[in-house]
Each structure stands twice: as structure tokens, then as C-alpha cells.
Amino acid sequence: MKIHEFQAKELLRCYGIPVPRGKAASTPEEARAAAEKLTGRTVIKAQIHAGGRGKGGGVRTAASPEEALHAARAILGMQLVTHQTGPKGKKVRRILVEEASAVRKELYLGLVVDRSRGKECVVFMASAEGGMDIEQVAAATPEKIVRCAVHPVVGISPFQARKLSAPLGLEGEQRKVFAEIVRNLYRLFLEKDCSLIEINPLAVTDEGRLLALDTKINFDDDGLYRHAEIRELRDPDEEEPLEVVAKNAAVNYIKLDGNVGCMVNGAGLAMTTMDLIQMAGGEPANFLDVGGGASAEQIEKAFRILTSDPNVKCILINIFGGILRCDRVSAGLIQAAKNIDLKLPMVVRLQGTNVEEGRRMLRDSGLHFTVADGLYEAAEKTVALLG
């Protein structure tokens, strides 16, 4: 789960990590009122779940509350397009009005879970090349990024904090503050079940202070049941609408850009199905895993999600009936298709227990089912139905 910058900064503030003073606003008048409470120049920043906002026109500075008002009017409601939003962009519904800082140096500091064999722990990353995409730094000059794996039992040590600060050019009191930021970030990461924290840039101001000027925090969905206060920060407007529906229906669904709707039981089988659709010349419209149960109710929910995507022109259903028999899967498919009066052509590939009876039921149903034996055959038949 992702949250907005202003929400992430409030979490940092609660953990003793220095951030600029600021306030979120959803109207130009609220932006002006926020600017009046801050001294000097302000920065008005679009709040969307994507980076590159400045290059897209989503970040502006203001020398007065009136300028903040005009900047807010320009940003609020705009369809902001960045390299992370795709060509459609995202509508800006909130902004952050924040005091401007005189920056001497921009650093990068981040935490992520490294799942590679031999680590499987939280890893800190730090670089003197802050204020830009860390992915570009990693690709072009990886030696400029220092990494530090944290043992889950021992935790972050003073030595590791010094190792992270060494290439950043920090001096004296700055190193002590940096070490405190590192310790507090690690505590936040563990206590809130985060999957990613980035401060980019972590600025050194003209006065020598360290400030988190921008930050991104993601959370592990599997840990949200422990954090009602984090769940409340979710912004459905920033998520794909069909993915929100799927999440509420307990269906694993991710929308893609193709026109072949996929319904599969099992994540690995779903990935294979998507690959074979592409090999056959088609493009999957989604990842959808109905799970091992694949009950009639779950299948109907999946059908409704698939058919809500106007790009879907054909559906490929790939079910392995292990504990769940294929004849029961077919009964669920038939019932669900009738309940929602499904008209789209469908290719069904069944394997497993009672597979012949399941296939017979589909053929005799009078619905738009095309039965396939092999998986690649199913993908080819699906692409053929697209015309």
C-alpha cells in the first residue's frame, strides 16, 4: 500500500525525523491559508502516488500567500503526467504547501527488504547523488551507492550508521543527526511493517540542518491488519478502480493494457498463462488469480471484474482442478456466466480431477465456451477469437 508525501512526512515527524513545516490542502483557499502561517517562500507540491512531479509541472514555488493561491489553482485538478503515471496521468486532488528550504546539498537515503538468498533482511542504501532517480544512479554509477544489510536480531548498529554517512560528506554534528535518522527510520520500518522507505532528497540546508524534503513510504499489505491507523491512510482515488473492487472482493487482480481477460487459479499458473497469450500473439488484459477454492461466487466476482474492463474482448479461463473437481468448476462457470448474462467469447482449459465430465458440461451448456485441452492450444484459440 502506498501513501501520499504529506502522510509519509507526518509519520517521519512522529518518529523524530526532521521535515519542513507544511500542511495539506484540497482547495486554493486552503493553500493560501496554509501559506499565511508559514514564513517566507513556500513550495506547492501535487500529491499523487508517482514520482517526477516537478518535471510534469506539479511543483511550484510561491513568494507570498497570493502566489500560493495562484499556484494551487494551476495544480489542483490538473491531469499530471510523469514518467511513472503513464500517458493518462493522474488527477491532482490534494497539494502540500510547505516552507521552502535553502539547500546546500541533496543526499539519498532509503530502506528496502532484500529478498535475495544470503540476505533476506532490511537493507539501507545511501548516496551523495540525491535529488534524482536512484535507479539512474544505480545503473550508471553503482559505486556511488553504499549499501548496508541489517541483521534482524542485532538491528542497526552505530558502526553501520557511520558506514552509511562516510560517503555523504557529512561533518561533526551532522553525522550524529544522520545516525539518529537512520535508527529512527529502521524503527519506523519495523514497527509499521513497511516494504520501502525513501528520503530523496535528504537535504543539507545552508544552516547545516538535515531535512527530509521528499519521502515515499510503502507498506506490506499482509501486515496492514495490525495497523488500523495505516489502513485509514489509503487513497482509493490513487488506485486502479477495478483493483479496488477486486481487493474488496478478495480477488487477486492487476489491470494491464491488453484485451484478453485471464481467469486462473494459482499465481504461477496465471503468470504462465499470460506469457503464452503473448507467445500466441495476444496481450493479456490482467493478472487474475481466483485462488484454490474457485467457488461459483468467487468465479462470478471475477467475471464481473473482467467484464467491467471495456478493453476485454475475449476471456481465457485456465483452471487446474486438484482438490476442487473440474465438474464443480464447470458448474460454477456456467452458473456465473448465466447470472451476469456473459456474452464475450470464452476459451476454457481444464485439467485435473473429473476433467472429462467438466468439459462435457461446458460443451452442453449452450454458452459461449470454447473448450481446449492444452494450455498453448487455449492461448491460440483465444487469440483466434479476437479476429
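The values are calculated or read from the model by the stated rules, or taken from the named source; none is laboratory data. All values derive from a computational prediction rather than experimental measurement. All Cβ positions, glycine included, derive from the backbone under ideal geometry; neighbour counts span all protein chains shown.
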Worksheet item: Could you say whether any residue in region 329-339 is outside any helix (DSSP H, G or I) and basic (K, R)?
Response: no
Worksheet item: Do any residues in region 156-177 that are closer than 18 Å to K144 by Cα have Cβ atoms under 8 Å from those of residues that are modelled with pLDDT under 90, where the two are at least six apart or on different chains, and which pairs are they?
Response: P167/K144
Item to complete: Mind telling me which of the residues L242, L233, L224 ends up being part of a loop (DSSP other than H, G, I, E, B), surrounded by 15 or more Cβ atoms within 10 Å (Cβ to Cβ) and touching a residue at least 60 places away in the same chain (Cβ under 8 Å)?
Response: L233
Discussion item. Being surrounded by fewer than 18 Cβ atoms within 10 Å (Cβ to Cβ), touching a residue at least 40 places away in the same chain (Cβ under 8 Å), at negative phi and not charged (D, E, K, R) is the requirement here; does T215 meet it?
Written reply: no
Item to complete: Restricting attention to region 338-387, report how many residues are of a type in the set (F, W, Y) and in contact (Cβ under 8 Å) with a residue 40 or more places away in the chain.
Response: 1
Worksheet entry | All helices (runs of 4 or more DSSP H) inside region 5-108 with 3 or more residues being buried (at least 20 other Cβ atoms within 10 Å of the Cβ) and not assigned by TED's automatic domain parsing to the domain that holds A179 | 28-37, 65-75
Discussion item. Condition first: within 15 Å of the chain's Cα centre (by Cα) and polar (S, T, N, Q). Now tell me which residues in region 173-214 satisfy that.
Written reply: S195
Worksheet entry | Count of region 86-99 residues which are modelled with pLDDT of 95 or more and not basic (K, R) | 6
